[in-house]
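The values are calculated or read from the model by the stated rules, or taken from the named source; none is laboratory data. Quick caveat, the model's predicted, so the values are computed rather than measured. Counting neighbours? That spans all protein chains shown, and the Cβs are built from the backbone with ideal geometry, glycine included. Areas reflect the complete protein model, heavy atoms only, side chains present, ligands, DNA and RNA absent. Shrake-Rupley method; radii C 1.70, N 1.55, O 1.52, S 1.80 Å.
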Amino acid sequence: MHFSELVLQGVRNFQQMHRFPLGKGFTVFVGDSGAGKSTFVDVILHLLNPNPTEPATDKYKSSDPNLCRAALLIDDDAGQRYRLVQDLLRGSIALARQDPATSQFVAVSNSPAEIVQYLSSQLHLPQKDILKGIYISTKASLPSGMVGKLLGSGAPPMHDQQQSAQPGKRRGLPPSQHFQDDGDGGMSFPGYQGLDSGDEVLPDDPEEIRSQIEILKHDLTMSREVDDLQFKLDGLQAKFFKIEQKMKGVKEAESQVAEIEQQLKPFAKLTDLPDDFEKRIREFDTSKEKLKRDLARINEDEERWQKRAEQSIPRPLSQNRTFLIGMLLGVLALGAGVAGFYLNETLRWIALLDIVGFGIAVVAVIRYIDQSQFVYRGKVRLEILEDRREKLNRQFELESSIVRRTMAEVGVENPRQIIDQYTKRGSMVKELEKANQILESKRNDPEHAEAESKRDDLQKEIDQIDSQLAGSSGLMMGPNEMERKISLLEDKLQQIESSTAIAGAQDQGLPDSPANFDPYDLGVGAPPGVSTHKSSSGLSPSPDLDGQDLASGLDVFEPMMKLADDLFLIDRERIELMLAPRAGQYLAALSAQAYTQIIFGEGGIIECGPGVAAPSLPIAVQDLVHLALKLTIIENASKQQPIPVLLDDPFVQIPANLFGILGQMLAALGNQSQVVLFTKDASWAQFASASYQL
């Protein structure tokens, strides 16, 4: 899917209606601070994830208190267009689908919950946390931005802090909701659970302490067993994965067979055809043209005979003037002859004229009979032509019945289309036979049978260990934490029993210690980024909370890897194998070959080389590692389902000399998925397929 247009009206500083095209590839919007770059990303995220319980919001309102609307046009992979419109102040929202026939939008839903479900199922939109963590990036997304957020918005840049800080002097932090005063002028994390015994609140009742020690020792034993089981499980899963890789060829062959069989389903009606069907199809056009010519000749003959028959139809004898005159002349002559016997003998000679009269009548009768016979022969000829037409039609229908029936079943009008489909089906059948042969050979491979047997055995062992681990899911601490807690409880119990408690121990919950005891001197209990040595001035050490030290104690990559787990829905080990090579290439390009690989070590710790943990590297390098991982995750996810990538000026902490290689990477990523960058640096426009000035 990709976005094609965003429309804003009455949204923050976009008071009038503004239409912003969002094309495919890499698009750049350039604008100064306050131009509305972040508004784009915020509104799009709000539209795609409406709150079903509180869809209305006033955080985007402008100077007009009654107008705040936004619309987003979305195209899916098949080219189907959707329009998502929301009145941000009133909360009303509507999703519509464009009808390709009429180009009109037809309503899909106006329920926020249904819209979220529809976008997820039909357009494959990921969950909100994945969308924000993977596909949307801001300056706070990079490790340097995360540390800056922890340090507070008023903190100066980290490189300035590092340059201005002096050894032995306390470096405080500006007020921030992420820190609180520790009562000694320093700062500490609220709710921090570190190794400092001062964070523990221990009971004062000796019996309660003994009870807790007993429970913790029992849990510690169980926890160590769990660790052993987990270690064994990890080994079995690694073996299982290797065996699955060996069996990958069979699975790929099975997938290939299933795919070809699925492609053959539309051609099922072409299965039971005669062997000479292709010949019949090729002869269909010839037979059809011959039938057309024969019927044309019959029509011509029929028209000619019909015309001649109509012209030759004689009038009845009662209306034939020649016949009537002849008959009258003959009768009159006979009458004169008869009168001659009685009146005048001369009249008898007139009787001879009856021969002429009756002869004329006979000729008229003969002509009448001849014309009637001609008409009869014409009717017979027309009947013969009609019979011939029916015979030709029946013969054509009989010869082409299979072809015409197949055309109707397949739903085509041209028999040539059947030839194409028949040929395509034949090639697919050959491909299926070849794929089945490959599958059969792989299944009959002795190594496959052995691997399948080992896989089943390993699966049983894994299931058994999983069931054992399920019974220990109630453990809330790790072994090290339990040992530490037991040690604290035993120390507290010893203090109570010896009655040597130190004043103030009840308030701070600290075990007894000498007056000059400093837990930070031993490096115990220091939160991330806190100094573990005494200063040269003799003052008690103070927290060293500059950006670099703070980042070195945080694993800023694990949250993104957890999102990758939810995005790909496969085992972490497979994700790591998928990401490591490509992420290493990205990192090598970004770091100018200073770091050429990314390794996923034990416990998911990301390393930039053997033993080089990424969280311990300079914050600038961590930014590059973070970018390499995110680009690789998006690149692999886009192969399955492209999702638009929105970048809200995330590269402000990245050195400008890397903009060139980053621009090329984003342009290449734009070939797989839509990438939109909002920035105040116009130099990014040279890498974009389209750029706009806000």
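In segment 378-391, the residue that is nearest to residue 291 (Cα to Cα) out of those that are touching a residue at least 24 places away in the same chain (Cβ under 8 Å) and open to solvent by 30 Å² or more (accessible area, probe 1.4 Å) is 389.
Kindly provide the set of residues from segment 107-131 that are part of a helix (DSSP H, G or I), open to solvent by 40 Å² or more (accessible area, probe 1.4 Å) and touching a helix residue (DSSP H, G or I) at 6+ places or on another chain (Cβ under 9 Å), ordered by number. Correct list: 116, 128, 129. Residues that are assigned to a loop (DSSP other than H, G, I, E, B) and open to solvent by 20 Å² or more (accessible area, probe 1.4 Å) within segment 71-100 comprise 76, 77, 78, 79, 80, 89, 90, 92, 99, 100, listed in sequence order. Taking the criterion of being touching a Lys or Arg at 6+ places or on another chain (Cβ under 6 Å) and buried (at least 16 other Cβ atoms within 10 Å of the Cβ), the only residue of segment 650-668 that qualifies is 650. Put simply, of 303, 261, 310, 289 the only residue that is modelled with pLDDT of 80 or more and closer than 30 Å to residue 374 by Cα is 303. All of 103, 63, 33 fail the test of being part of a loop (DSSP other than H, G, I, E, B) and more than 29 Å from residue 680 (Cβ to Cβ), apart from 103.
Considering only segment 406-426, state which residues are open to solvent by less than 50 Å² (accessible area, probe 1.4 Å), of a type in the set (Val, Ile, Thr) and part of a helix (DSSP H, G or I). 406, 410, 418, 419, listed by residue number. Would you confirm whether any residue within segment 154-170 is open to solvent by 50 Å² or more (accessible area, probe 1.4 Å), out of contact with any Lys or Arg (no Cβ under 7 Å at 6 or more places or on another chain), among the basic types (Lys, Arg) and modelled with pLDDT under 50? Scanning segment 154-170, I find at least one residue that is open to solvent by 50 Å² or more (accessible area, probe 1.4 Å), out of contact with any Lys or Arg (no Cβ under 7 Å at 6 or more places or on another chain), among the basic types (Lys, Arg) and modelled with pLDDT under 50, so the answer is yes.
Here residue 584 fits the description: open to solvent by less than 40 Å² (accessible area, probe 1.4 Å) and without any contact (Cβ under 8 Å) to a residue 60 or more places away in the chain. The residue list 647, 662 contains one member that is assigned to a strand (DSSP E or B) and within 19 Å of residue 25 (Cβ to Cβ), which is 647. Within segment 329-347, the set of residues being open to solvent by 80 Å² or more (accessible area, probe 1.4 Å) and without any contact (Cβ under 8 Å) to a residue 12 or more places away in the chain comprises 341, 342, 343, 345, 346. Checking each residue in segment 595-625 for being in a helix (DSSP H, G or I) and open to solvent by less than 10 Å² (accessible area, probe 1.4 Å) picks out 614, 622, 623, 625.
Using the structure shown, decide if residue 629 is part of a strand (DSSP E or B) and either open to solvent by 20 Å² or more (accessible area, probe 1.4 Å) or aliphatic (A, V, I, L, M) (or both). So residue 629 does not fit the description; no.
For segment 632-644, the set of residues classified as surrounded by fewer than 20 Cβ atoms within 10 Å (Cβ to Cβ) and assigned to a loop (DSSP other than H, G, I, E, B) consists of 641, 642, listed by residue number.
Only one entry of 29, 20, 3 meets the criterion of being hydrophobic (A, V, I, L, M, F, W, C), within 30 Å of residue 79 (Cβ to Cβ), touching a strand residue (DSSP E or B) at 6+ places or on another chain (Cβ under 8 Å) and surrounded by fewer than 19 Cβ atoms within 10 Å (Cβ to Cβ), and that entry is 20. One residue stands out among those in segment 51-70 that are buried (at least 18 other Cβ atoms within 10 Å of the Cβ) and in contact (Cβ under 8 Å) with a residue 60 or more places away in the chain: the one that is farthest from residue 20 (Cα to Cα), which is 69. Please work out if residue 352 is in contact with a helix residue (DSSP H, G or I) (Cβ under 8 Å, 6 or more places away or on another chain) and exposed (fewer than 14 other Cβ atoms within 10 Å of the Cβ). So residue 352 passes the test. Residue count for segment 192-231 satisfying the condition of being modelled with pLDDT under 75, charged (D, E, K, R) and in contact with a helix residue (DSSP H, G or I) (Cβ under 7 Å, 6 or more places away or on another chain): 4. Suppose the filter is under 30 Å from residue 642 (Cα atoms) and charged (D, E, K, R); does residue 83 pass it? Spelling it out, residue 83 is indeed under 30 Å from residue 642 (Cα atoms) and charged (D, E, K, R).
When you look at residue 671, is it farther than 22 Å from residue 566 by Cβ, surrounded by fewer than 20 Cβ atoms within 10 Å (Cβ to Cβ) and without any contact (Cβ under 8 Å) to a residue 12 or more places away in the chain, yes or no? When the stated conditions are applied, residue 671 does not pass them.
If you check 375, 403, 429, 362 for being surrounded by 14 or more Cβ atoms within 10 Å (Cβ to Cβ), assigned to a helix (DSSP H, G or I), touching a Lys or Arg at 6+ places or on another chain (Cβ under 6 Å) and on the phi < 0 side of the Ramachandran plot, only one passes: 403. When you look at residue 683, is it polar (S, T, N, Q) and in a strand (DSSP E or B), yes or no? So residue 683 does not fit the description; no.
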